[in-house]
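What follows is a single structure, written as structure tokens, with notes after it.
Readers should treat all values here as calculations from the given coordinates under stated rules, not as data from a laboratory. Keep in mind it's a predicted model, so treat the numbers as computed, not measured. As a convention, Cβ positions derive from the backbone with ideal geometry for all residues, glycine included, and neighbour counts pool all protein chains shown.
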Amino acid sequence: MKKHKLNTGIGRMIEIEGKDYLYFSGTSYLGIPQDIDFLDILANNVFEYGSNFGQSRKNNIQLEVFDEFETFFAEEAGADAGALFSSGYLAGIAAWKSVINQVDEVWIAPDAHPAVIPDGHLASDQLNFKQWKIDCLEKAESLSSRSILIVGNAVDALNVQIHDYSWVEEIGKKHKVWLLVDDSHAFGVLGNGIFGTYSKLQCDSVSVIVSGSLGKGLGLPAGIVLCPDYHIDHIKNLPLFAGASPGSPAHIRTFLEMQHTYEAAHEHLKELCQYFYELIAFMPQIIGNPDYPVFRYTEDSWVEQLEKSGIITSSFPYPHADSPKVNRIVLSAFHEKEDIEYLADILENLAL
């Protein structure tokens, strides 16, 4: 696999050694960082707020836009409260730090992001998600009542699996359960519009915390934690919240002002995903879901064949350098219907 380094930003098309390629990789699911209208408003807000804001959120001088964003995002997501951070990784660390001293057990899904894995704990690497779910239910049944933190991702974007956590409610009938879910690859795509899976995870017997990066689907250099109102002080009283700088206020303000752009991009992406799924559904070499913009293909040889046809896809060994390659096609709202049709035509020829 040949690696390419670029001197320009990434969009629908990229240029490599003088040749243009359609780009079907990355995590810009809604195409926001490449949206001209978004960038125009962002430029105005950079002049208003500056390129960055390095002060603590606990400073005696504060920007209202951060509180406004947290309130708006939490309400739209179906959560009581939110806490904004400069990255999704920092948000994930804050999420587990806020609850780790309140629990007796920590059960971690095999594909959980490192950001939400508490220090001293490891994700299960012997089980897949379905096996891990069964193991959790069996352990919950055998143990006496206690406090349990269950950690996982909303979606496994590498293996293209959307996870269901409805089974956690059953565990909550016997135990005090905290469910911490990383929504980094769900924001902008899955759940309640562009606002992730929080509302779908809620149930009476479980305390839900969602954290994640806003830099993928939503195109914002920031992260967020969503939680019940009785828990938000545990987040905002952490040294991580007080000591770390917040995200870019210009980007945050632009998000609030450009909801119509996000909604249109979300709807366009949904249509592209459904259309592409219909075009490739008969190809056994491709694994995907009509509700998610990532599709995995099993044939390593296709990477170079697609590149020869002017298409760049995602391909790298994971989780280790000597692991098998993970080959994926990533759709974005910056793609056009004709791009999808061209890609599907090439794939159909390769699948023969």
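Computed on the Cα atoms alone, the convex hull of the chain gives a volume of 144 cubic angstrom per residue. Counting only Cβ charges, +1 for Lys and Arg and -1 for Asp and Glu, the dipole size of the chain around its Cα centre is about 980 debye. Subtracting the Cα-Cα distance of GLN55 and ASP291 from 0.36 nm times their residue separation leaves 81.0 nm of extension gain.
Dipole magnitude for region 106-250: computed about the Cα centre from +1 point charges on Lys and Arg Cβ and -1 point charges on Asp and Glu Cβ, it is near 140 debye.
Packing order of peptides 247-256, 62-71, 261-270, highest average first: 247-256, 261-270, 62-71 (average count of other Cβ atoms within 10 Å over each peptide's residues). Given their separation in residues at 0.36 nm each and the Cα-Cα distance between them, SER301 and TYR230 gain 20.3 nm when the chain is fully extended.
What percent does the relative contact order of the chain come to when contacts are Cα pairs within less than 8 Å and at least six residues apart?
25 percent
If R0 is 35 Å, the Cβ-Cβ spacing of TRP167 and LYS19 corresponds to a FRET efficiency of close to 0.10.
When the Cα centres of region 118-195 and region 27-61 are compared, how far apart do they sit, in Å? Cα centres, region 118-195 to region 27-61: 33 Å.
A Förster radius of 25 Å combined with the Cβ-Cβ distance from ILE36 to ALA281 puts the calculated FRET efficiency at roughly 0.15.
Could you tell me what percent of the DSSP beta bridges with both partners in the chain are antiparallel, to the nearest 5? Restricted to the chain, the bridges split so that about 55 percent are antiparallel. In this rough spin-label picture, where each label sits 7 Å from Cα along the Cβ direction, the GLU341-ASP67 distance is 5.3 nm.
With the helix formula -39500 (n - 2.57) applied to DSSP H stretches of n ≥ 4, the chain reaches a computed 222 nm mean residue ellipticity of -10500 deg cm²/dmol. Highest mean packing first, where packing is the average number of other Cβ atoms within 10 Å per residue, the peptides 21-27, 191-197 line up as 191-197, 21-27. Calculated translational diffusion coefficient of region 52-257 (37 °C, 0.692 mPa s; Stokes-Einstein with Kirkwood radius over alpha-carbon pairs) equals 193 µm²/s.
Using a simple spin-label model with pseudo-atoms 7 Å out from Cα toward Cβ, GLU138 and LEU256 lie 5.1 nm apart. With the simple spin-label model, which puts each label point 7 Å out from Cα in the Cβ direction, the ASP80 to LYS308 separation comes to 6.0 nm.
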